[in-house]
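Undergrad: The structure under discussion is supplied below as structure tokens; questions concerning it will follow.
All of the numbers you see were taken from the coordinates with simple rules; none came from a lab. Computed from a prediction, not measured in an experiment: that's the story for all the values here. Because the Cβ atoms are built from the backbone with ideal geometry, glycine has one as well, and the counts that use them run over all protein chains shown.
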């Protein structure tokens, strides 16, 4: 039934049409951050323009107070230090305006004394120099004190709660000054560290140490900022300038945890530590050499692109025609990209040019196993275009070999080999062996991964190939270790937990992790271009809206651009934060990752991201929500633009890039988050299916960027087998793209698999088993924090901080928490539902009876979910809209007992209530 | 520390030591101090010998780590400032001095709390000294007294800034107590020299006048 509804909603490869006219690939290169200049400019909204003058005024007043000329650059180093010291002193004065004058003055210094310079470079140089002085003299910690004070005043009861919609820029004036200074210092140090500037080395090290250790009040800076977001989302502090908060949080986390390079090194370091080989393939590097495809990624398409003036219509017709034999072949052979399917394709393609056939066979050439010759190499060979089957260039180092392109055909970049080494999991090998043994010897050897006795030669070969491609992930090892510890809690030795930055962060956010995730997603939702701002319980626009609404058309155009830009920046920062945390937790310990991702899933992250992509994505990628002339520092340096004219607003169109860096960045981040959440989780793949993600994702393929497409294709690949034959039939091009771009899993029948382990029951079990493992991990490693977390949940999200105003989202939070803690919804058991689990886990860990305890617990949770309607498959399937934060979310539904349950409730009562033993003393 | 005759000198104030015998043990050259607290011992020894000789006390022995030197001095200042705080308690109460001020211009916030707030002067004094003691003894920032992390050295500046306000409050509001205390210990004088020498505070913020000619002269001649 599930599949039939999808079959009805199939769509054709309609976007072929504009594939050819979409223009060249985006030259976007994915990185941790945009350029330093852009990252700084994005800190300010255009409506904050007038405040720059306040900073220079504060500086002038302050210098007058000191009887000095208002010129920073004329002061010698000693005098500069002395001035900063005096300013810092002034930051501890109780008179607010006087204090803020000093703060603004420091902001002016951090901004690089722009009033005294002629060029952006000078300004940057000044910022660089000043940040050293500022940081050395303790400005950063002083500003954190100031931030504490602002948070405190925001939450004191004597401030009458302002209506959310009435909050404007003015309400956050002071706190924005403080956050700006913190941000500039952080970002400048991050940038200089990246560039390995010598004068910054020592300073950067101590700064990283500082942000990775708790503040004097015991809180981590990142946690403080997450707390601000949570508070903001609860409605208690609507004036918090969210954009600056998330930007600062992002940069603090990025600097504290480390970016992509650090991640890569850490991953390999951890892998080596547990006895695995380091990874040589780097997604970034490989995708850089990949060519973006707007399906069809066939050679004909490429040739068309080479001669764009050629008969466009003819090619279209040809492609349609081309489709059919291919489909038939595919169906008949039932074998992805088998040699048969090439024939139809290449013979037709041969009409086009003489060497078309060669290229096609090259394109479809079966993967040439690199590990057969040199094992462990990655296989991103790109051979020069005209090579036939035999002219493949040897590339022993497997460097991305763009240089090998023959100059004669520069546009040809056909991946001659598959870009990725295929992988296979131990589980798959076992399955393969099991099937073969059953077939040939007639019985199975459970737990034997190797013995081939009695199996025919071809199976031996197959087994060897599989073995050669076996990939053991870090997560596998960590899970195994956890299992060992659970089985033999006393004899198994766990190494001392190293306090890595990620570990510190995890321990710090563990008690409130669900709330933080919800808050982050709420902000993300509010900033999504598809969200309707009216229905939101939070107003993220507070820090862009000026007190006086614009009067002229120009001004309102400007404001519209500003608001769009504001939202984009928030999406960029939040998506980057979530991805960064997921990635770091994943390598630090997979269950930390699973804990976070499960909470993201519970908070409806998957539909949220899908909804984000349910827009004209090419438009989003190309949006020009920026006015370069108004970006800092150009808005204050040099000749001032005529702010009354119309011209400056449209200045942005002349920008050199045909896409918006931050939007592509956010898109990729969100896709990667989705991939991280869903990979290997059947239940979540089904969410992709039931939310009808396929058409949305296919639209996303229109963006011509290889890396972005890769992540979309991965998402499509996961669900292909559930989409039905009809869908596959009409989307062969997409399937081809998947085949050629996404890593192959040997034995994985992703496209045509009929082993639909699709009973919804199983999915719930899967999620519950995972939950149980994560809980056991948390309870074992962080007993205190978990207890706190559990207590909060048992009480029913009451501790969410002040503003429990009964919005839908809040309900979702409540329901979600009780759901997660396996209360079955019938009031009296709700309170001890968690305790039950807790005790059985704890008891198991101590007494070595984990198996029975765990099984029992799983059963119970399963039951609870079933009763509560954890994932009501039939409901969601008929759901056309997205379940959003409690808007018809699956957890805040009224309890409806199934007929089966009603008929057999006595059995349930007997098993789960009367026979379940609770050790009340252990609670 | 074995002496020539084999008897051991314990450089400690045992219970029952008379006040005139307090800390009365023979000086020991720095090189022979065989403990992790050598720098502190050396500084205390110098102070005991002649508290007015500020210059000499602040002269760093050769081959001494500057971070440790600054740290140990600041520790010593905070310890001795407790003496001033005790004296101030007699006169300075939350009812008389409701705010932490020096000259009337500025009221300072007490930074010892999670959120800085206005405390009465005497509370500011206590809180700040407590906070400074906590920080300087914290395992996190100052795990060792032999070498100091670069990142922690920056913390010293803020301690100085906050602690100095105790001097200035005493000077402007409890002049008699300040003068008595200063005459005995030369603490403010030494502190001023210290922060100027190591550039920990801005000169303009050092608002307590110290009599340079009187005190500096002997220091110069002996140094």
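Undergrad: log10 I(q)/I(0), Debye, Cα-only segment A:496-573, no solvent, q = 0.17, 0.19 Å⁻¹?
TA: Each listed q maps to, in turn, -0.78, -0.88.
Undergrad: Compute the Cα gyration tensor for segment B:92-199, then decide on rounded, prolate or oblate, letting a ≥ b ≥ c be the square roots of its eigenvalues: rounded whenever a/c is under 1.5, prolate when a/b is larger than b/c in the other cases, and oblate in all that remain.
TA: oblate
Undergrad: Label residue A:217 and residue B:95 with points 7 Å out from Cα along Cα→Cβ: what is the distance between them in nm?
TA: Reported label-point gap for residue A:217 and residue B:95 is 3.3 nm.
Undergrad: How far is helix B:121-137 tilted, in degrees, relative to the longest principal axis of the Cα atoms in chain B, given as a value from 0 to 90 rounded to the nearest 10?
TA: Helix B:121-137 sits at roughly 40 degrees to that axis.
Undergrad: So what is the calculated 222 nm ellipticity per residue for chain B, using -39500 (n - 2.57) for each DSSP H run with n of 4 or more, over all residues, to the nearest 500 deg cm²/dmol?
TA: When only DSSP H runs of four or more count, the value is -17000 deg cm²/dmol.
Undergrad: Sticking with this one: Taking chain B as the reference, fit the longest principal axis to its C-alpha atoms, fit the long axis of helix B:38-49 to the helix C-alpha atoms, and give the angle between the two in degrees, 0 to 90, nearest 10.
TA: 80 degrees
Undergrad: In Å and whole numbers, how far do the C-alpha atoms of segment A:15-153 stretch along each principal axis, longest first?
TA: Here the spans come out as 70, 38, 28 Å, largest first.
Undergrad: Sticking with this one: Report the extension gain between residue B:37 and residue B:118 in nm, rounded to one decimal, defined as 0.36 nm multiplied by the number of residues separating them, less their alpha carbon distance.
TA: 25.5 nm
Undergrad: If the viscosity is 0.692 mPa s and the temperature 37 °C, what Stokes-Einstein diffusion coefficient in µm²/s follows for segment A:510-629 when Rh is the Kirkwood radius over Cα pairs?
TA: Rounded to a whole number, D works out at 205 µm²/s.
Undergrad: To the nearest 0.05, how large is the calculated FRET efficiency for residue A:769 and residue A:277 if R₀ is 35 Å and r is the Cβ-Cβ distance?
TA: Plugging the Cβ-Cβ distance into 1/(1 + (r/R0)^6) gives 0.75.
Undergrad: Also, I was wondering about something else. If I take the Cα coordinates of segment A:168-284 and project them onto the principal axes, what are the three extents in Å, biggest first?
TA: Principal extents (Cα only, largest first): 54, 36, 31 Å.
Undergrad: How big is the Cα convex hull of segment A:470-534 in projection, averaged over all directions, in nm²?
TA: For segment A:470-534, averaging the hull's shadow over all directions gives 8.3 nm².
Undergrad: Would you list the P(r) distribution for chain B, with all Cα-Cα distances sorted into 5 Å bins from 0 and each bin expressed as a whole %?
TA: With 5 Å bins starting at 0, P(r) equals 1, 6, 13, 17, 19, 17, 13, 8, 4, 1, 1, 0, 0.
Undergrad: Sort A:460, A:584, B:127 by Cβ crowding within 10 Å, fewest neighbours at the top.
TA: By the 10 Å Cβ count, ascending: A:460, B:127, A:584.
Undergrad: Label segment A:426-470 by shape, choosing from rounded, prolate and oblate, from the square roots a ≥ b ≥ c of the eigenvalues of the Cα gyration tensor; if a/c is under 1.5 it is rounded, and otherwise prolate applies when a/b is larger than b/c, oblate when it is not.
TA: Oblate shape, in that a/c is at least 1.5 and b/c is the bigger or equal ratio.
Undergrad: Regarding segment A:101-204, what whole-number volume in Å³ per residue does the convex hull of its Cα atoms give?
TA: 127 Å³
Undergrad: For the residues A:482, B:204, A:122, what sequence is obtained by ranking on other C-beta atoms within 10 Å, fewest first?
TA: Lowest count first: B:204, A:122, A:482.
Undergrad: Still on this structure: Kindly express, to the nearest 10 degrees and within the range 0 to 90, the angle between helix B:150-173's C-alpha long axis and the longest C-alpha principal axis of chain B.
TA: Here the helix axis deviates by roughly 60 degrees.
Undergrad: Would you mind ranking A:727, A:750 by Cβ crowding within 10 Å, fewest neighbours first?
TA: A:750, A:727
Undergrad: Please compute the volume of the convex hull spanned by the alpha-carbon atoms of segment A:662-741 and report it per residue in Å³.
TA: Hull volume over Cα atoms, normalised by residue count, gives 87 Å³.
Undergrad: For segment B:1-106, what does the equivalent ellipsoid look like in terms of its semi-axes, each the square root of 5 times an eigenvalue of the Cα gyration tensor, given largest first in whole Å?
TA: For segment B:1-106, the semi-axes come out at 34, 20, 11 Å.
Undergrad: Give, in nm to one decimal, the length gained when the segment between residue A:467 and residue A:450 is fully stretched (0.36 nm per residue of separation minus the Cα-Cα distance).
TA: 5.2 nm
Undergrad: Considering segment A:195-236, what Rg and Dmax in Å follow from its alpha-carbon atoms?
TA: Rg and Dmax of segment A:195-236, Cα atoms, are 14.6, 45 Å.
Undergrad: Now a separate question. Across the residues of B:145-155, average count of Cβ atoms on other protein chains within 10 Å?
TA: The shielding value for this peptide is 3.
Undergrad: Would you mind computing, in nm to one decimal, how far apart the modelled labels at residue B:56 and residue A:554 are, each placed 7 Å from Cα along Cα→Cβ?
TA: In this crude label model, residue B:56 to residue A:554 measures out at 7.5 nm.
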